[in-house]
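J.: One structure, pasted below without further comment.
Read-outs: derived from the displayed coordinates by stated rules, not from any lab. This structure is a prediction, so every number in the text was calculated from the model and none was measured. Note that each Cβ is placed from the backbone with ideal geometry, even for glycine, and that neighbours are counted across all protein chains shown.
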Amino acid sequence: MSDQPVLHKISPEHLLTLYEITRAMNSSLDFDEVLNQAIDSIMLVTKAERGVLMIADDHTGEMHVRIARGVSGQTLQTEAPYSTTIVNQVMETRQPLLTNNAMLDNRYSPGQSIIMRGLRAILCAPMMVKERLVGVVYVDTSMRTGTFTEMDRDLLSAVAGQAGIAIENARLYQVAVEKGRLEREFQMAREMQQALMPLRMPKLPGYDLCATWRAAREMAGDFYDAFVLTGDLLGIVIADVSDKGAPAALFMAVARSFIRSYAHAGLSPTETLGRTNDLILDDAESGMFVTVYHSVFQADGSCCNVNAGHNPPLLYRHATHSGEFMPRGGRAIGWFANNPVKETMLTLEPEDMLIYYTDGLTEAENAEGDYYGEHRLVEAVLQAAGQTADAVLEHIVHDVESFCAGVPLFDDLTLVVVRYTGGN
């Protein structure tokens, strides 16, 4: 079916009206304004008492009244201000309908609205876009002398075709505007989230640090933090929220603030994560939780580590050129009260490293659906060992990207490398 009706009986007056309506539709992207102009012009030319314009729901196809206009321009109540019998028939046949004797027309049984209002003449036409019904235009009159002509029907069909195109254009424009707005908001949110990450890694004698953070969506649930505490202590945090997107980003910001505040207040890693867990449980009703690994390093290479359900970091020992994973332990924060986290003490020797990561790294997939895995991480670290933290991190990231071969990240990816130089 063509979008454009055949205009074989349109008078010069009707053609002028069609031109004016089409020009109005093409000159504005304010859809409500265009629709009001269209229905007013149609009623003026057809001398209808009432005019109704209905738009189809994008998902269900159900018709909703967008404009209901009376003869003097007043807005009518939208509780069925039209013949549902006529509208349903037009929706079913996708063809315009004209009747000048609605009460007795044998093509259909007159509905309650026709009988109660004493309707005589009714015009109704579908608004089509590429064989898709996007709306219906309807006018009627109960005046004794009121009738519609075939030229009125053809005009209504022509206007309905133009209105259908205008609806689609306006919808696409609104989608584009909304998409642009959301993209700007997401970009702002992403920039704010990035601002929560350390702008640059802290400098502390004996340590070489670097990190990377990549979001699978516009915003991430992963985060890391690195900060210097009183007494020349170095705090490292890596975490992964159970969800993704905006909710996870907000949850991340809350958890990060709690952890950093308690750490700077002088609490031990165990107390820091314990109190963060209790505070989140008191306030959170989202059902989300966050896995966290928190370490505090001293100048001599010793460190205190606490795991709250997170992927255990990889420990590289330079003396034996070997890698092993730190112990697992604890439960995710925000899951249960009295989280049984424990401290694991460790002493690093010069050129030893701790590699912190989220499961977005080890669970990165290639085109065959294989995981990057912990064993590849160990191999990548052994290959890059003896270089700076930056070089080790770059090697790991390059190795993951080569493995994935263009397959986009399914999950957020965060990686932190801490290399102990021993003061060298």
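J.: By the scheme Lys and Arg +1, Asp and Glu -1, what is the net charge of all other residues having a beta-carbon under 10 Å from that of Phe223?
T.: Value of the local net charge: -3.
J.: Find, among the chymotrypsin sites (Phe, Trp or Tyr not before Pro) in segment 324-406, those assigned to loop by DSSP (not H, G, I, E, B) with at most 12 other beta-carbon atoms within 10 angstrom.
T.: Answer in residue order: Phe336.
J.: Let's test this: bin the Cα-Cα distances of segment 197-420 at 10 Å from zero up to the farthest pair and state each bin's percent.
T.: Bin by bin from 0 Å, the calculated values are 8, 35, 38, 17, 2.
J.: Rounded, prolate or oblate: pick one for segment 305-424, where a ≥ b ≥ c are the square roots of the eigenvalues of its C-alpha gyration tensor, a/c under 1.5 means rounded, and failing that, prolate if a/b is larger than b/c, else oblate.
T.: oblate
J.: Which net charge results for the neighbourhood of Gly301, defined as the other residues with beta-carbon distances under 15 angstrom from its beta-carbon, given Lys and Arg at +1 and Asp and Glu at -1?
T.: Every neighbour counted, the sum reads -4.
J.: Can you sort Val137, Val241, Val71 so the residue with the fewest Cβ neighbours within 10 Å comes first?
T.: In increasing order of surrounding Cβ atoms, one gets Val71, Val137, Val241.
J.: Let me ask you something else. Could you please report the charge total around Ala265, scoring K, R as +1 and D, E as -1 over all other residues with beta-carbon less than 13 angstrom from its beta-carbon?
T.: +1
J.: How do Asp359, Asp57 rank when sorted from fewest to most other Cβ atoms within 10 Å of their own Cβ?
T.: Ascending Cβ contact count within 10 Å gives the list Asp57, Asp359.
J.: Moving on to the next point. Rank these for me by crowding, His264, His375, His59, going from fewest to most other beta carbons within 10 Å.
T.: In order of increasing Cβ crowding within 10 Å: His59, His375, His264.
J.: Follow-up. Listed highest first by mean packing, meaning other Cβ atoms within 10 Å per residue, what order do 126-134, 90-98 come in?
T.: 126-134, 90-98
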